1. Whether any residue in the stretch 49-58 is in contact (Cβ under 8 Å) with a residue 12 or more places away in the chain, exposed (fewer than 14 other Cβ atoms within 10 Å of the Cβ) and polar (S, T, N, Q) is what I want to check.
2. Within the stretch 143-156, how many residues are surrounded by 14 or more Cβ atoms within 10 Å (Cβ to Cβ) and part of a helix (DSSP H, G or I)?
3. Is it true that some residue in the stretch 96-109 is assigned to a loop (DSSP other than H, G, I, E, B), small (Gly, Ala, Ser) and at pLDDT below 90?
4. Is at least one residue of the stretch 166-179 over 17 Å from the mean Cα position of the chain (by Cα), without any contact (Cβ under 8 Å) to a residue 24 or more places away in the chain and in a helix (DSSP H, G or I)?
5. Scanning the stretch 237-288 for residues that are at pLDDT below 80 and in a helix (DSSP H, G or I), which turns out nearest to the chain's Cα centre (by Cα)?
6. Within the stretch 245-256, which residues are buried (at least 23 other Cβ atoms within 10 Å of the Cβ) and more than 9 Å from the ligand (Cβ to nearest atom)?
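The values are calculated or read from the model by the stated rules, or taken from the named source; none is laboratory data. Just so it is clear, the model here is predicted, and its values are computed rather than measured. When we count neighbours, we look across all protein chains shown, and the Cβ atoms used for this are built from the backbone with ideal geometry, even at glycine.
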Amino acid sequence: MVDRRDVTARLSQLVMTVDEYERLMTEALPHLLNHATTQTRRFLRETGQWGDDVCHEKLALRWGYELVERFLMYGRTEIPCRPLFFLDSLIAKYFSQPEPFCYDKELLSPLGRFLEGLTSRAVISRDALMALFYHLYGFGQSQVAKVLGLGTTETQRVYKNFERWRRSGWQRAVDEVGITREDLMEIESHKRRYPDQFHAEADRLSRIVQAHYRKSEPEHFPCLSRQQWAHLFKEGYGYDYRVWHLALCRDCLSEVCDVHQDDSQDVLTPQLDLRIRPLLNGRLVESYHSVDH
Ligand SMILES: [Zn+2]
């Protein structure tokens, strides 16, 4: 008999290899199904669509199955990942699609969808998470490593994250949320023609999106005070905390930049400076669809 708490704990930890993932999935399938069904029930209750009868129980179970099926299909391509975390983000995405109940209407504009797409991808992909620092603030790899206070090994990983993102990750993220070449052009033309208005809008929308996706962080990753951040960096712990939270919280990122400034490192300020496309070999990445001709 597998201890339930043990399985839940392992599902929340980082899975590094496909073998490890497969083994865990065989063992954890009933737990995943139970988790997905419980989340579905909660969603139906919260949106006033629940009734205490067999018919609703069946519906929750069916959706639970469907969600776990999707999870099994995509999970393997997301390794290294935290399985439970990834499942939760799939569930959140699933329920927010047909009626984006938790969203501001403006998030349906090309710019809103672009920001939403990048951030929702960041919840399940470390490459996209690292790329957020570039797309939102224009930080390069070495700047990201500096802000996050990473050691040599972690810094190398950041370089790999950036590389993969530029080569394929960005395109995939853009495609996945259905951003077309026209959408990209519309965003870029808006940015060029009305820079102030564009900046204000990107600033406001990115805050809404970040606040929404912070909810999918593990519960033990809340905002910290300046003193707490300073302590965390000084003592050299909480790497996951730094990466996850700072990519999704501009206020804490500002605090952390201030803390570094006190330590008289090079000053960086997280001013919003939205970049639509990544740079590859010094050139902006074009969408595949636009190089057909
Ligand atoms: Zn915060």
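1. There is no residue in the stretch 49-58 that is in contact (Cβ under 8 Å) with a residue 12 or more places away in the chain, exposed (fewer than 14 other Cβ atoms within 10 Å of the Cβ) and polar (S, T, N, Q).
2. Just the residues of the stretch 143-156 that are surrounded by 14 or more Cβ atoms within 10 Å (Cβ to Cβ), to begin with: 143-150, 154-155.
Filter once more, so that each one left must be part of a helix (DSSP H, G or I): 143-148, 154-155.
Within the stretch 143-156, residues that are surrounded by 14 or more Cβ atoms within 10 Å (Cβ to Cβ) and part of a helix (DSSP H, G or I) number 8.
3. Looking through the stretch 96-109, at least one residue is assigned to a loop (DSSP other than H, G, I, E, B), small (Gly, Ala, Ser) and at pLDDT below 90.
4. There is no residue in the stretch 166-179 that is over 17 Å from the mean Cα position of the chain (by Cα), without any contact (Cβ under 8 Å) to a residue 24 or more places away in the chain and in a helix (DSSP H, G or I).
5. 288
6. 247, 256
Condition check ((1) at pLDDT below 90; (2) assigned to a loop (DSSP other than H, G, I, E, B); (3) under 24 Å from the mean Cα position of the chain (by Cα); (4) not hydroxyl-bearing (Ser, Thr, Tyr)) across all residues:
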| residue | (1), (2), (3), (4) |
| --- | --- |
| 9 | yes, no, yes, yes |
| 35 | no, no, yes, yes |
| 50 | yes, yes, no, yes |
| 60 | yes, no, no, yes |
| 67 | yes, no, yes, yes |
